[in-house]
Amino acid sequence: MRRSAEITVFLSLVLVCVSSLLMGLLESARTAGARLYLQMAADSALSSVMSQYNRALWDEYQLLFLEYESEEAVEQSFRDFFDYYLEQENLYPMRTEEITVTETVKPEENGGQALEKEILSYMQYRLPDAAAGLAGIAEEAAQAATMGDFKSLLSTCRQAGKETRGLEKRRIAVEAALRDLEEQKEKASKAAGREKEGSFRSSAKKLKQGLTRFPDRVSAYERELLRFTERQDRFFEEEGGNRFPEYEKDPAVTSCKEQERLACGEMERAAAENLKEYQKIGQTLKESEEALEEAILLLEEAEDDTEGEDVDWDGIRACLEAVQIPRPLGSREADEEKAALLDRLEELFNQDLLDLVLPDEAAVSTKKVSLKGIPSSRSCADADTGKPLEQLLVNEYIFLKFDSFLEEQKSGIPKEEKELFYEQEYLLCGRAGDRENLRETAERLLAVRGAANLSYLLSSPELRSQAEALAASVSAGNAPVQVILSLFILALWALGEAVADLQVLFAGRRVPLWKNTGTWQTSLEGLLKLDFLNREGRQDGSDTGKGYADYLRILFFLEKREVRNFRMLDVIQWNLRKKQADFAVADCAYALSVSAKVSERHLFLLKDSYSRMVSTAASY
């Protein structure tokens, strides 16, 4: 009996096809599983690498950054963790071929944006602690922005007044020289009329000296006028041709600056006209000097004459009549006593401010650091604009983790582990020494308080009239000068009150942000007498005002983000080096991206091994 094998052959062929299909499906599933396993291995390996963050940095500042020696070290660390997964006996036979760090995000990049993210991650758990500092922060932010207008006005009025005073001093010197010449001529004429040889010789000598020096006084006036003009032109260039920066919205500020601008223009034109007149007077005085020399020569010839002839007094008097001394251009003389008080006041504000505002018993730290090799010594890239609330939270972190002049060891780090004691002041100023940072902080606070005080003065007609009266007495009736000096006096008055305010702040008490009649301390008379420097008899501050830390918040609000961030990194690096000598912010990373190339084998196919790429990224 013959048996047919068709069914066997058919089933064999079917079995081969079904087996191939099943093996293909299994390999496909295994390949998908291998891809997921590989991604999981890469993610886990990078997470393990990121878990090696600097512990001291976390303990002191609650910041998570990976410290590493080099990218090769990161690649090796990643390989060690990654290979652990690939070496397991499973359905995914693989081996590592190449590891590459494709991207490293450092704390310094993009103006310190990574540092801000770390701080915000920490601050969300410290909102109760920061709530006190954030209370009314929106209003304070608006006030700080408004204060920027008056701060700009304060600087403008002070600078314009200083330049005007310099030009006026030169003009007054020329006018005084003319008055002195007129006086000496009168004395010489009287001596000649009385034929007093000794008196005439003395008066004529002084008159000749005055005539000789007059051109130098005119030249000094001309040079000062050129400097005044150049400073005005430079100011316009710095403002881009616009006298009012875009942020200035307060009508009082724009009005005062417009008055000052117009007055400066009028003064410049008047000074140019005065210069022409003085130059003409100089030509007249040159001719007068020749006539005076003839009179002196007549006296000397009589003295040298051996025959003892009498002095030709008629000829001398005729020569003196030819000496023409033009009258001064100014109709009034300035009050030199009050002008000197203004000069003394301006010089006072150019002295070391700490000597004026710190309590007598205060001991100022003299610690200094080197500014070489710190994060802020490198280029500070501009940071992207952030949300205002986020920036305010970053600023609050400063008050939780960094010390200040009035709040030492607030951060909990012992003083012996700090390079600088006044860390908040360093974040604002960036100087190498504690005293320098404190001094500049005081100067900035003086500007802030001066701006707020100037706002009050401008809103008080009574106080403005007092300043205008004083300006009239020292401007000799010159209307443009009076306008400029009235604003200059208001600026000095605001700064005088600000010095008194800083004395209160550095004593640990409070000062209202905006003054009123009840809280204003300094009178104009007391300003000129420097009574604002006397701490006795002054109010001890307000219970509802703002303290030293509150004013620092305003300064930080006005500070550039990238500058603040880089200086925070400076302080962090200094302090951590007390525990770890080789710590450097530049060796830290906030985020990493790594790619891995692996060789993989098939299990259910006869194909050779093949390469696969996997990428992973992680951040804190």
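The values are calculated or read from the model by the stated rules, or taken from the named source; none is laboratory data. As the structure is a computational prediction, the values presented were derived from the model and not from experiment. Don't worry about glycine lacking a Cβ; one is built from the backbone with ideal geometry, like all the others, and counts go over all protein chains shown.
Observations
- Criterion (surrounded by 15 or more Cβ atoms within 10 Å (Cβ to Cβ) and polar (S, T, N, Q)) met by exactly one of T100, T96: T96
- Qualifying residues in the stretch 337-369 (those that are free of Cβ contacts under 8 Å to residues at least 40 places away in the same chain and among the acidic types (D, E)) - the one nearest to Q159 (Cα to Cα): E347
- Test for L120: is it part of a loop (DSSP other than H, G, I, E, B) and among the hydrophobic types (A, V, I, L, M, F, W, C): no
- Residues of the stretch 413-467 that turn out to be charged (D, E, K, R), more than 20 Å from the chain's Cα centre (by Cα) and either assigned to a strand (DSSP E or B) or farther than 20 Å from L528 by Cα (or both), as a count: 5
- Residue satisfying all of: in the stretch 299-311; over 21 Å from E186 (Cβ atoms) and in contact with a helix residue (DSSP H, G or I) (Cβ under 8 Å, 6 or more places away or on another chain); modelled with the lowest pLDDT among these: E309
- The stretch 445-465, residues that are out of contact with any Phe, Trp or Tyr (no Cβ under 9 Å at 6 or more places or on another chain) and basic (K, R): R464
- The stretch 160-210: number of residues that are free of Cβ contacts under 8 Å to residues at least 60 places away in the same chain and over 29 Å from L297 (Cβ atoms): 3
- The stretch 1-52, subset surrounded by fewer than 12 Cβ atoms within 10 Å (Cβ to Cβ) and of a type in the set (D, E, K, R), residue farthest from F81 (Cα to Cα): R2
- Condition met for L345 (in contact with a helix residue (DSSP H, G or I) (Cβ under 8 Å, 6 or more places away or on another chain), modelled with pLDDT of 85 or more and under 30 Å from S486 (Cα atoms)): yes
- Any hit, the stretch 491-510, residues being crowded, with 23+ Cβ neighbours inside 10 Å, more than 18 Å from E336 (Cα to Cα) and of a type in the set (D, E): yes
- So L513, is it within 30 Å of K415 (Cβ to Cβ) and in contact (Cβ under 8 Å) with a residue 40 or more places away in the chain: no
- In summary, E97 fulfils each of the numbered conditions (1) part of a loop (DSSP other than H, G, I, E, B); (2) more than 39 Å from the chain's Cα centre (by Cα); (3) modelled with pLDDT of 90 or more with the single exception of condition (1).
- The residue list R201, R213, R170 contains one member that is closer than 30 Å to G265 by Cβ and part of a helix (DSSP H, G or I), which is R170.
- Hits in the stretch 321-335 (condition: surrounded by 13 or more Cβ atoms within 10 Å (Cβ to Cβ) and at pLDDT below 85): P328, L329, G330, E333, A334, D335
- In the stretch 518-528, the residue that is nearest to K338 (Cα to Cα) out of those that are assigned to a loop (DSSP other than H, G, I, E, B) and free of Cβ contacts under 8 Å to residues at least 12 places away in the same chain is S523.
- Some residue of the stretch 469-485 being within 20 Å of A362 (Cα to Cα) and out of contact with any Gly (no Cβ under 6 Å at 6 or more places or on another chain): no
- Within the stretch 568-604, the only residue that satisfies the criterion of being under 30 Å from V16 (Cα atoms) and touching a Gly at 6+ places or on another chain (Cβ under 8 Å) is F604.
- Count of the stretch 59-86 residues which are without any contact (Cβ under 8 Å) to a residue 24 or more places away in the chain and hydrophobic (A, V, I, L, M, F, W, C): 1
- Some residue of the stretch 235-247 being assigned to a loop (DSSP other than H, G, I, E, B), modelled with pLDDT under 85, under 29 Å from L454 (Cα atoms) and hydrophobic (A, V, I, L, M, F, W, C): yes
- Options L66, L120; residue that is at pLDDT 95 or above, over 30 Å from A29 (Cβ atoms) and crowded, with 16+ Cβ neighbours inside 10 Å: L66
- Screening the candidates L555, L569, L527 for the property of being at negative phi, modelled with pLDDT under 90, touching a helix residue (DSSP H, G or I) at 6+ places or on another chain (Cβ under 6 Å) and aliphatic (A, V, I, L, M) yields one hit, L555.
- Checking V614 against (1) over 26 Å from W58 (Cα atoms); (2) out of contact with any strand residue (DSSP E or B) (no Cβ under 8 Å at 6 or more places or on another chain); (3) at pLDDT 90 or above, the condition it does not meet: (2)
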